[in-house]
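Participant: Can you keep this structure in mind? I'll have questions shortly.
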There are 2 protein chains.
Amino acid sequence: MLEHFFSPKTIAVIGASREEGKVGHDLLKNLVSYGYTGTIYPINPKADTILGIKVYASLKDIRDTIDLAVIVIPAAFVKHGVDECIEKGIDSIIVISSGFKESGIDGAAKERELYQKIKQHSIRMLGPNCLGLINTQSSLNASFAADMPAEGNIGFFSQSGALCTSILDWSIIEYIGFSKFISIGNKTDIDEVDLIKALEEDTYTRVILGYLEGVKNGTVFIASAQKATKKKPMIIIKSGGTTAGAKAASSHTGTLAGSERAFDAAFKQSGILRANTIEELFDYARIFSYQHLPKGPRIALITNAGGPGIITADAVERSKIKMAAFSRNTIETLRSFLPEMANVYNPIDVLGDAKADRYKFVIEEVVKDTNVDVILVILTPQTMTEIEKTAEVIGEISHRTDKTIVTSFMGGKRTESAFKILAQKKIPNYVFPERAVSAIEAMYHYTLWQKKPLPKIEEIQIQKENVSSLIKKLRQAGHPQLNEEEVKEVISTYGFRIPKSILATSEIEAVKAAEEIGYPVVIKISSPDILHKSDFGGVVIGVQDPSEVRKYFRDITQKARRLMPDAEIKGVLVQQMVTGGKEVIIGMSRDPQFGPLLMFGLGGIYIEVLKDVTFRVAPIGSDEAKEMIQEIRSFPLLKGVRGEKPADIPAIVDSIIRLSHMVTDFPEIVEMDINPLVVFPEGNGAIAIDARISIS
Amino acid sequence: MLEHFFSPKTIAVIGASREEGKVGHDLLKNLVSYGYTGTIYPINPKADTILGIKVYASLKDIRDTIDLAVIVIPAAFVKHGVDECIEKGIDSIIVISSGFKESGIDGAAKERELYQKIKQHSIRMLGPNCLGLINTQSSLNASFAADMPAEGNIGFFSQSGALCTSILDWSIIEYIGFSKFISIGNKTDIDEVDLIKALEEDTYTRVILGYLEGVKNGTVFIASAQKATKKKPMIIIKSGGTTAGAKAASSHTGTLAGSERAFDAAFKQSGILRANTIEELFDYARIFSYQHLPKGPRIALITNAGGPGIITADAVERSKIKMAAFSRNTIETLRSFLPEMANVYNPIDVLGDAKADRYKFVIEEVVKDTNVDVILVILTPQTMTEIEKTAEVIGEISHRTDKTIVTSFMGGKRTESAFKILAQKKIPNYVFPERAVSAIEAMYHYTLWQKKPLPKIEEIQIQKENVSSLIKKLRQAGHPQLNEEEVKEVISTYGFRIPKSILATSEIEAVKAAEEIGYPVVIKISSPDILHKSDFGGVVIGVQDPSEVRKYFRDITQKARRLMPDAEIKGVLVQQMVTGGKEVIIGMSRDPQFGPLLMFGLGGIYIEVLKDVTFRVAPIGSDEAKEMIQEIRSFPLLKGVRGEKPADIPAIVDSIIRLSHMVTDFPEIVEMDINPLVVFPEGNGAIAIDARISIS
């Protein structure tokens, strides 16, 4: 994929420049400086030679075929440059030039025009407004970055060119290597999905790393990420989240959802590790780049200092990984070998006077222990410590084992040369041990994702036609909000149980209805024009007998006529009164990038005050629905506290799945809540008491 | 304070050694190598000269007075060495030697003996089992560390000697300077409190930094830290928290408390900034060491790259600091000066081609804006960027303003020399901008603490005698758990309202009691031998009329006689039934280090499931009690949701204060809960429905 971008045999640089400091010069210089073995054709009508290379006045003058064109001329001329590329039959273009969407309305128009043009001719384009790309395997540096990164197995793409320059600069002192390094700019054509696919296929890339501000198509993004992460880890830092302004929302779900929630859900569903900071991005990248995936969560700590050992054990306890319990054999061997003062349990304290050989013996013993999956070696530079030699020893052991080995050589000046040795030996070193623990945790988390089967969307049988025609009718009438009857029709079509309910137009009918349903009942005003029935006292619960039914029938209808004289009053609804059970909310709102975002939470204050909710992008399968339910903090309330019976969790799973189908089948539904969904004890199902649906 | 430790005129090194690599040699070498101007007396019966200095066979041979003795001989001989010091009249000793408490029972005995000896002669001792100490102001390096740190204003003490060596090594490449650097070892005599006091008084120390595994005396620690933090910031990393094993606890408070909670509370109460990682410790230290405290939370971001600007703005939004809104004047000036493409709002984007002069102009404008308290300058090393010159410019501006200026030069190789310039100019630089934001937030947090008045403990009038004699009686009888009547007596003495309650020994008495109290009532078995009354059905709530009273009187007393034949049955308690209000829990458990730890939380699932509780070390004043209440996540429930009236928060404050007095007055109370304390709407007070008290 994108073969001509990553491994072109011939490159034309349209806008190559003689002037140092100009992008057209720096880019050409990068192309020639790092051992690229293809042919470079600088294009510039006003020059003969640049950097010793013959310059052509126009693409037309070149007889060779051109695999890749890099355009570095002002925005106004890019269109013309692309036209020349079309004429020449070039199928891959990088547009470095800025002055497009990012610069305002005019630029955006230019960008659209450009896009139409390349689409018409099946050309792929990277940029505009980007730094270019680097492929270390083919020694290709088609960027104006200030440096060439070392060769490595990290494939990196970034929506910010400036961030690329920082990261590149930083990678040099940290001995981090890249396979591919791509600045995606405005991503008019080639976007994150193309690159995820390309990096997934790229045999030189072991870890996919990215910086994103948004995605072009949420659904496609999730699908391609799910596929890629089953093969290799993907770590992404996503910014621009918290500033997403509040939008008017008519449902709880709409109020609580937001672009951040959608991204979190999408990343979770597609196995992407989300880095919260740039530092985390690289902490994670390094361990995946260098080390084997751990077989399990059990970590052994080996340290030459008590304090850091305790600090690290603390960090392990706060994480999802676990302190390993050594086998008796390990403990006995260590006890017989180590000085009496040493601690042979986890964390193993090899003492401040430990030289490389003591570290070596202990690490080798621990590697043999089947109760250990990961080893973190901590070293403080004490007077006797053989810093470099210990680094060598660890590298050598790591080479022989498939267990995950990580170090925390804690220091600066005296440990610097050891840092380099460790990097060369592919041992990720973290100056601060807590960061080592968090990187190991991320790795363990990824192994769990890899083992998990891909989500399966179960089919359900629904008579969609009723809903289709209802929604069609409402859209034609311009009614964005469904009334109670319509909502009931939709949700019962999708298999939700709803309370029994009978419309009564007179006191006598009301009493008859109540007797059919069974006391106590709920009485509600029935009017297509009144949405917020309880706000004016249009709902009475716990109505006990015929005389009460008659009384409230009168009360409510009279009140409605008095307060809302224009509303059409159909009578009252006599409803089954649901008692017992636990209230949950399920809902959906549409995210501009990811589409239908499902929400689940416990009703009332858990949602309103504690905001204890969880999200997924629909459609989802029952495993994911189960995860949602288990994820909220108040989940123990559903399992039952103080000897209560557990709530019917399979019924909630079923409800979420039905909701998922509903909002996937009908993209016209833009927002909805079922609130509350009352869940009865295990085996007794759930019932949707109230719901709201808005359509577009 | 500790004058002879930090600025001795004469030092004796008992155990000075000729042999390189030996601690007695390295320490002596450190003393002579860094410009110490006092006199050094090496003591070693087997040598004449070491490092060119005359060696004495014994302290007795020295005619000069000795201010400080440093002992570096094996543990077995330390006692003898101290005896010689006593004879010589030395009042300050550092014991470097290990082999004491940390090595087992024998060592611990040696340590106790040592302690008694020095106490008898009013000698102060640092160590044993420590690295020594460094005072950069007097060029004194009385340690066996591998280096001498740069002079600076950070006073650091550490309970881990090995951590000292790492930090020292790391500080060199990070250009971090120290005023004092102290390894406290086993802290047999000189402990964290002595050092906090010394560093508070030390004019060269601007920031106090520490690594602790525990404190010797919690109360004294809090008091001295409260005093010190009003003068200077104190940042501490505390380890060994999460491993504190579970202890048997008979109350909710006991179950939820723990050494971590106690430390968190103590740090909060004494204004200590708790660093969660070593990295944070130094991130915070640097900003306090270099910069002015901000006048407020409003931050301006200035960046030459969009992506990092967004990432940083995200981090600001997640923190307690705020994005500044610039004055119209600033915006207009920036607009007229900056290129059209630049963003003149916060974050200001000076664009990728910004040179030092553009940064300068913008920073100077922003410094003038009265809506800005803190400025964070972000720089990515792009092709045109003048990295070093920009660093110089920022340093120069910072010199002229009292606003807080911080940088995030994001890079590695090309930014390295700028890192050094920034450090020299006292600009804290953070390679990752999120860390800059978190350091600024810590600084802002500290300014809030500094402004806050010290807690005032209000007095309350209590007739303590009843409680004293009751507790005395129970302790003599060996009853650790108070029964219901006793609990009531204690809490009502301390001013808690309790439900009206009358003991009835017959059906007739019960009916009379119920009528006096008013229906509905609660009926409970009354027996000093039955603690868990409701477990066997000994409590009936909502008893409505005389016939029910008679029925339940019979039921309950018969059941009790049948199920607990050995219990003394006094009759039943007829109690006022409390309805409405919100349930909260207040309680206390004793922490081994800090003593009485108060807890507050909402009752029921909020505590049991969500563990939404907060702690303080008693005694506390009403401001702190208010903070506790506002701190829990479910606080909005007390303020009232959905148009509810707010709960009577002053009544909760009053209850917490009364509890605080109770547990301070009676150290015999080891654990207690008032659960639930029912709080009525504002103005209607609170009532303690049930409580448990355990005494020692």
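The values are calculated or read from the model by the stated rules, or taken from the named source; none is laboratory data. Since the model is a prediction, treat every value here as computed from it, not as a measurement. We place every Cβ from the backbone using ideal geometry, glycine too, and count neighbours over all the protein chains shown. Keep in mind that these areas ignore ligands, DNA and RNA; they rest on the heavy atoms of the full protein, side chains included. Shrake-Rupley method; radii C 1.70, N 1.55, O 1.52, S 1.80 Å.
Participant: Does A:Ile471 count as touching a His at 6+ places or on another chain (Cβ under 8 Å), modelled with pLDDT under 95, open to solvent by less than 40 Å² (accessible area, probe 1.4 Å) and more than 14 Å from chain B (Cβ to nearest Cβ)?
Facilitator: Answer is no for this residue.
Participant: Within region A:312-331, can you find the residues that are open to solvent by less than 50 Å² (accessible area, probe 1.4 Å), aliphatic (A, V, I, L, M) and under 18 Å from A:Ile440 (Cα atoms)?
Facilitator: A:Ala313, A:Ala315, A:Val316, A:Ile321, A:Ala324 - these are the residues of region A:312-331 that are open to solvent by less than 50 Å² (accessible area, probe 1.4 Å), aliphatic (A, V, I, L, M) and under 18 Å from A:Ile440 (Cα atoms).
Participant: Here is a follow-up. Residue by residue through region B:382-441, note down the ones that are more than 10 Å from chain A (Cβ to nearest Cβ), surrounded by fewer than 24 Cβ atoms within 10 Å (Cβ to Cβ), in contact with a Gly (Cβ under 8 Å, 6 or more places away or on another chain) and among the hydrophobic types (A, V, I, L, M, F, W, C).
Facilitator: Hit for region B:382-441 is B:Ile421, nothing else.
Participant: So, of the residues in region B:411-429 that are at pLDDT 95 or above and in contact with a Leu (Cβ under 9 Å, 6 or more places away or on another chain), which turns out to be farthest from B:Thr380 (Cα to Cα)?
Facilitator: The residue in question is B:Pro428.
Participant: Please work out which one of (1) of a type in the set (A, V, I, L, M, F, W, C); (2) in contact (Cβ under 8 Å) with a residue 12 or more places away in the chain; (3) under 29 Å from B:Gln424 (Cβ atoms) is the condition B:Ile184 fails and give its number.
Facilitator: (3)
Residue-by-condition table, conditions (1) more than 26 Å from B:Ala423 (Cα to Cα); (2) open to solvent by 10 Å² or more (accessible area, probe 1.4 Å):
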| position | (1), (2) |
| --- | --- |
| B:Gln137 | no, yes |
| B:Ala145 | no, no |
| B:Phe157 | no, no |
| B:Gly161 | yes, yes |
| B:Trp170 | no, yes |
| B:Asn186 | yes, yes |
| B:Ile190 | yes, no |
| B:Arg206 | no, yes |
| B:Leu212 | yes, no |
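Participant: Please work out if B:Ile235 is touching a Pro at 6+ places or on another chain (Cβ under 7 Å), crowded, with 20+ Cβ neighbours inside 10 Å and at pLDDT 85 or above.
Facilitator: no
Participant: On the basis of being basic (Lys, Arg), open to solvent by 20 Å² or more (accessible area, probe 1.4 Å) and in a loop (DSSP other than H, G, I, E, B), does B:Lys360 make the cut?
Facilitator: no
Every residue, every condition in (1) over 38 Å from the mean Cα position of the chain (by Cα); (2) within 14 Å of chain B (Cβ to nearest Cβ), yes or no:
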{"position": "A:Pro45", "(1), (2)": "yes, no"}
{"position": "A:Ala57", "(1), (2)": "yes, no"}
{"position": "A:Asp61", "(1), (2)": "yes, no"}
{"position": "A:Asp64", "(1), (2)": "yes, no"}
{"position": "A:Leu68", "(1), (2)": "no, no"}
{"position": "A:Ile73", "(1), (2)": "no, no"}
{"position": "A:His80", "(1), (2)": "yes, no"}
{"position": "A:Gly99", "(1), (2)": "no, yes"}
{"position": "A:Ala109", "(1), (2)": "no, no"}
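Participant: Could I ask something else about it? So, restricting to strands (runs of 3 or more DSSP E) that lie completely within region A:120-233, which ones have at least 3 residues that are in contact with a Lys or Arg (Cβ under 8 Å, 6 or more places away or on another chain)?
Facilitator: In region A:120-233, A:132-135, A:150-158, A:207-212 are the strands (runs of 3 or more DSSP E) which contain 3 or more residues that are in contact with a Lys or Arg (Cβ under 8 Å, 6 or more places away or on another chain).
Participant: Would you mind telling me which numbered condition in (1) crowded, with 17+ Cβ neighbours inside 10 Å; (2) at pLDDT 90 or above; (3) among the aliphatic types (A, V, I, L, M); (4) in contact with an Asp or Glu (Cβ under 9 Å, 6 or more places away or on another chain) A:Ala513 fails?
Facilitator: Unmet for A:Ala513, out of (1) crowded, with 17+ Cβ neighbours inside 10 Å; (2) at pLDDT 90 or above; (3) among the aliphatic types (A, V, I, L, M); (4) in contact with an Asp or Glu (Cβ under 9 Å, 6 or more places away or on another chain): (4).
Participant: May I ask you to list the residues in region B:502-529 that are in contact with a helix residue (DSSP H, G or I) (Cβ under 7 Å, 6 or more places away or on another chain) and within 20 Å of B:Ala691 (Cβ to Cβ)?
Facilitator: Answer for region B:502-529, where residues must be in contact with a helix residue (DSSP H, G or I) (Cβ under 7 Å, 6 or more places away or on another chain) and within 20 Å of B:Ala691 (Cβ to Cβ): B:Ile502, B:Val521, B:Ile523, B:Lys524, B:Ile525, B:Ser527.
Participant: Name, by its number, the condition in (1) within 14 Å of chain A (Cβ to nearest Cβ); (2) open to solvent by 50 Å² or more (accessible area, probe 1.4 Å) that does not hold for B:Gly604.
Facilitator: Just one mismatch for B:Gly604, condition (2).
Participant: Contact list please: Cβ distance under 7 Å, first residue in region B:33-62 and free of Cβ contacts under 8 Å to residues at least 12 places away in the same chain, second residue small (Gly, Ala, Ser), pairs at least six apart or on different chains.
Facilitator: Final answer for the pair search is none.
Participant: State whether the residues of region B:98-111 include one that is modelled with pLDDT of 95 or more, of a type in the set (Val, Ile, Thr) and either outside any loop (DSSP other than H, G, I, E, B) or open to solvent by 10 Å² or more (accessible area, probe 1.4 Å) (or both).
Facilitator: no
Participant: Condition first: part of a loop (DSSP other than H, G, I, E, B), in contact (Cβ under 8 Å) with a residue 40 or more places away in the chain, under 30 Å from A:Ile657 (Cβ atoms) and over 41 Å from the mean Cα position of the chain (by Cα). Can you find one or more residues in region A:488-508 that meet it?
Facilitator: Yes, the conditions are met somewhere in region A:488-508.
Participant: List every residue pair whose Cβ atoms lie under 7 Å apart, where the two residues are 6 or more positions apart in sequence or sit on different chains, the first residue falls within region A:159-176 and is within 9 Å of B:Gly412 (Cβ to Cβ) and within 7 Å of another protein chain (Cβ to nearest Cβ), and the second residue, located anywhere, is among the hydroxyl-bearing types (Ser, Thr, Tyr) and surrounded by 24 or more Cβ atoms within 10 Å (Cβ to Cβ).
Facilitator: Cβ pairs passing all conditions: A:Ser166/B:Thr380; A:Asp169/B:Thr415.
Participant: When you go through B:Gly104, B:Gly81, B:Gly38 one by one, which is the residue that is of a type outside the set (Ser, Thr, Tyr) and on the phi > 0 side of the Ramachandran plot?
Facilitator: B:Gly104
Participant: Within region A:382-410, work out how many residues are in a loop (DSSP other than H, G, I, E, B) and either touching a strand residue (DSSP E or B) at 6+ places or on another chain (Cβ under 8 Å) or among the charged types (D, E, K, R) (or both).
Facilitator: So the answer is 5.
Participant: Could we say that B:Ile378 is open to solvent by less than 20 Å² (accessible area, probe 1.4 Å), among the β-branched types (Val, Ile, Thr), within 14 Å of another protein chain (Cβ to nearest Cβ) and touching a residue at least 12 places away in the same chain (Cβ under 8 Å) here?
Facilitator: Yes, satisfied.
Participant: Consider region B:411-455. How many of its residues are closer than 22 Å to B:Ile299 by Cβ, not charged (D, E, K, R) and not in a loop (DSSP other than H, G, I, E, B)?
Facilitator: Qualifying residue count for the region: 20.
Participant: On the given criteria, is B:Leu334 away from chain A (no Cβ under 12 Å), closer than 25 Å to B:Ile176 by Cα and open to solvent by less than 60 Å² (accessible area, probe 1.4 Å)?
Facilitator: Considered against the rule, which asks whether it is away from chain A (no Cβ under 12 Å), closer than 25 Å to B:Ile176 by Cα and open to solvent by less than 60 Å² (accessible area, probe 1.4 Å), B:Leu334 comes out as no.
Participant: Pairs under 6 Å by beta carbon, first residue in contact (Cβ under 8 Å) with a residue 24 or more places away in the chain and of a type in the set (A, V, I, L, M, F, W, C) in region A:327-342, partner surrounded by 12 or more Cβ atoms within 10 Å (Cβ to Cβ) and in a loop (DSSP other than H, G, I, E, B), six or more apart or different chains?
Facilitator: Correct list of pairs: A:Leu334/A:Val344.
Participant: Taking B:Leu638 and the conditions (1) under 23 Å from B:Val578 (Cα atoms); (2) at pLDDT 95 or above; (3) not hydroxyl-bearing (Ser, Thr, Tyr), which numbered condition does it fall short on, given that it satisfies the others?
Facilitator: Here B:Leu638 clears every test but (2).
Participant: Give me the pairs: first residue in region B:552-568 and in the same structural domain as B:Gly538 (by TED's automatic domain parsing) and charged (D, E, K, R), second residue buried (at least 16 other Cβ atoms within 10 Å of the Cβ) and assigned to a helix (DSSP H, G or I), beta-carbon distance under 8 Å, and six or more apart or on different chains, which are they?
Facilitator: Matching pairs, first to second residue: B:Arg554/B:Glu507.
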